[in-house]
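The values are calculated or read from the model by the stated rules, or taken from the named source; none is laboratory data. Worth saying up front: this structure is predicted, and the values here are computed from it rather than measured. A quick note on method: Cβ atoms are made from the backbone with ideal geometry, for glycine too, and the neighbour counts reach across all protein chains shown. Heavy atoms of the whole protein, side chains included, go into the accessibility calculation; ligands, DNA and RNA do not. Shrake-Rupley method; radii C 1.70, N 1.55, O 1.52, S 1.80 Å.
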Amino acid sequence: VVDQHLVTKISTFLRQSEGLVFPGQPEFKAALMSTLELICQRSELLLALQESICQSLLPVLLDLLQRSNSSDTRFLCLKLFTAIVQLYLDAPEPHSDSLQRGSTASHINEMVFNILLPAYQALLVDEHPIPLYAQKLLVTLLETDDGALIRRVCELDLHATFFSFLSLEHANNN
């Protein structure tokens with residue numbers, strides 16, 4: 001049964017397993033990530049467990065995105081974070097009351113402004129396909145932005161890097 005307790009335990013195990021070496025660690029971490037991928041495919045679960053996911057899982061995904069030595073782990077964390085954030089920001093009103101939705105959006109904005117954006121430069125020059133998912137996440141965030149995100153991007157001087165992706169000479173453009 002997937003509930004708040006399970007999400008919290010998976011988040012804790014995932015955070016603690018990163019960087020530790022023990023017999024079966026790669027398999028254990030792979031099982032945790034596979035479980036998260038399966039949970040993320042069930043939007044009704046994500047919506048029902050919104051508070052627990054925002055409080056425990058999303059911060060762990062961002063932490064691993066920044067400190068993992070494995071590009072596969074970084075990519076999967078970014079992919080899961082993007083999928084969850086996109087669902088929460090696009091969630092229609094009947095699935096969540098407006099107070100919870102406002103709290104979720106506020107929590108997501110706080111994580112994006114304080115954790116994700118300062119590390120965005122590294123994401124944009126990381127291994128393929130991480131920069132493309134970073135761009136996808138940015139588009140998702142900009143669709144609900146009131147202007148504060150754009151100001152923060154400019155403060156961190158990230159706009160030049162974003163625009164370099166639009167160049168015809170960029171490696172990701174065919």
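When each of Q4, Q86, Q55 is tested for being more than 27 Å from H128 (Cα to Cα), within 14 Å of the chain's Cα centre (by Cα) and of a type outside the set (A, V, I, L, M), the lone residue that passes is Q55.
Please find, within region 142-168, the residue that is farthest from L89 (Cα to Cα) out of those that are touching a residue at least 24 places away in the same chain (Cβ under 8 Å) and of a type in the set (F, W, Y).
Within region 142-168, the first condition is being touching a residue at least 24 places away in the same chain (Cβ under 8 Å), and the residues that meet it are 143-144, 148-149, 152-153, 156, 158, 161-162, 165.
So of that shortlist, the ones also of a type in the set (F, W, Y) come out as 162, 165.
Working: F162: 22, F165: 25 Å.
Among them, the one singled out is F165.
Of all the criteria given as (1) open to solvent by less than 10 Å² (accessible area, probe 1.4 Å); (2) at pLDDT below 95; (3) touching a Ser or Thr at 6+ places or on another chain (Cβ under 6 Å), the one not satisfied by L89 is (1). Among the criteria (1) modelled with pLDDT of 95 or more; (2) within 22 Å of D146 (Cα to Cα); (3) open to solvent by 30 Å² or more (accessible area, probe 1.4 Å); (4) of a type outside the set (D, E, K, R), the one F81 does not fulfil is (3).
For region 114-129, name all the residues that are more than 14 Å from T82 (Cβ to Cβ), in a helix (DSSP H, G or I) and not hydrophobic (A, V, I, L, M, F, W, C). Within region 114-129, N114, P118, Q121 qualify.
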